[in-house]
Amino acid sequence: MNLLTEKLPETVRIHGTEVPIHTDFRVSISFELLMDDPELDDTEKLARALGLYYPVIPSDIGEAVRQMIWFYQCGKEQRRPKKTGKALYRFDCDDTYIYAAFLSQYGVDLSKVHMHWWQFRAMFQGLNEDNEIVKIIGYRSMEISGKMSKEQKRFYMDMKERYKLPVSKRSQKLLDKVEEALLSGGDLAGIL
């Protein structure tokens, strides 16, 4: 698919039939947040994801999932980047920065528009470096090297700390249990 030459899809094709799909950016943001929810198992995530995207869930679940992922990936086959384990943004944590960037750069009030997911992704990727969210993503991704001056290292370490994303609820519970066990002289074997 090409944003410049083709009409944005409102449906996906399942066994030769055009099946309506919810296209608003809020749906795909909800999908992304759902996939990161440590409280849900994969089966529950899948069921909820299908319910987000499809007004009527197709009977061929496998193909429905493939088409849902195709839509989420904006019709492009995703190259799998090397997984660093570090998220650079989260829609639930960075919402105000993203909202402000769209309003500032594009004059788009995200709270008042219906915007196709593919348009949103293109505009998000096109945000310029003047926007705070772009600066924050830069701080989070900055590799601190020995070639930097002490001041640069301190600055980037401070920015990384200031803008670090919070630990997930599941990870925080595990950290709390480990800390409790260590403080009480307990055994970590049952926790880890």
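The values are calculated or read from the model by the stated rules, or taken from the named source; none is laboratory data. All values reported here derive from a predicted model rather than from experimental measurement. Methodologically, a virtual Cβ is constructed for each residue, glycine included, from the backbone with ideal geometry; neighbour enumeration extends over all protein chains shown. Accessible surface areas use protein heavy atoms only, side chains included; no ligands, DNA or RNA. Shrake-Rupley method; radii C 1.70, N 1.55, O 1.52, S 1.80 Å.
Of the residues making up the stretch 120-136, just one is more than 21 Å from Arg26 (Cα to Cα) and under 16 Å from the mean Cα position of the chain (by Cα), namely Ile136.
Of all the numbered requirements in (1) more than 19 Å from the chain's Cα centre (by Cα); (2) over 29 Å from Tyr99 (Cβ atoms); (3) of a type in the set (A, V, I, L, M, F, W, C), Leu8 misses one, and that requirement is (2).
One line per residue, one yes/no per condition, for (1) modelled with pLDDT under 95; (2) in contact with an Asp or Glu (Cβ under 9 Å, 6 or more places away or on another chain); (3) open to solvent by less than 40 Å² (accessible area, probe 1.4 Å):
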| position | (1), (2), (3) |
| --- | --- |
| Asn2 | yes, no, no |
| Val19 | no, no, yes |
| Phe25 | no, no, yes |
| Ser28 | no, no, yes |
| Asp42 | yes, no, no |
| Gly51 | no, no, no |
| Lys76 | yes, no, no |
| Arg79 | yes, no, no |
| Asp95 | no, no, no |
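Which of the numbered conditions does Glu18 fail, given that it passes all the others? Conditions: (1) part of a strand (DSSP E or B); (2) touching a Lys or Arg at 6+ places or on another chain (Cβ under 9 Å). Going through (1) part of a strand (DSSP E or B); (2) touching a Lys or Arg at 6+ places or on another chain (Cβ under 9 Å) one by one, Glu18 breaks only (2).
Checking each residue in the stretch 100-126 for being over 24 Å from His22 (Cβ atoms) and part of a loop (DSSP other than H, G, I, E, B) picks out only Gly107. Determine, yes or no, whether Gly185 is out of contact with any Cys (no Cβ under 8 Å at 6 or more places or on another chain), over 21 Å from Asp36 (Cβ atoms) and modelled with pLDDT under 85. Yes.
Is it true that Leu46 is open to solvent by 30 Å² or more (accessible area, probe 1.4 Å) and in contact (Cβ under 8 Å) with a residue 24 or more places away in the chain?
Details: open to solvent by 30 Å² or more (accessible area, probe 1.4 Å): yes; in contact (Cβ under 8 Å) with a residue 24 or more places away in the chain: no.
Considered against the rule, which asks whether it is open to solvent by 30 Å² or more (accessible area, probe 1.4 Å) and in contact (Cβ under 8 Å) with a residue 24 or more places away in the chain, Leu46 comes out as no.
Tally time: how many residues in the stretch 40-65 are of a type outside the set (A, V, I, L, M, F, W, C) and farther than 28 Å from Leu110 by Cα? Adding up the residues that qualify gives 9. Could you tell me whether Lys153 is modelled with pLDDT of 90 or more, open to solvent by 50 Å² or more (accessible area, probe 1.4 Å) and either in contact with a His (Cβ under 9 Å, 6 or more places away or on another chain) or assigned to a helix (DSSP H, G or I) (or both)? Yes, satisfied.
Residues that are out of contact with any Leu (no Cβ under 6 Å at 6 or more places or on another chain), loosely packed, with under 15 Cβ neighbours inside 10 Å, of a type in the set (A, V, I, L, M) and not in a helix (DSSP H, G or I) do not occur anywhere in the stretch 127-137.
From the list Tyr97, Tyr89, which residue is of a type in the set (Ser, Thr, Tyr), in contact with a helix residue (DSSP H, G or I) (Cβ under 6 Å, 6 or more places away or on another chain), outside any helix (DSSP H, G or I) and under 21 Å from Leu165 (Cβ atoms)?
Tyr89
Selection of the stretch 21-40 for residues being touching a helix residue (DSSP H, G or I) at 6+ places or on another chain (Cβ under 8 Å) and part of a loop (DSSP other than H, G, I, E, B) yields Ile21, His22, Thr23, Asp37, Pro38, Glu39, Leu40.
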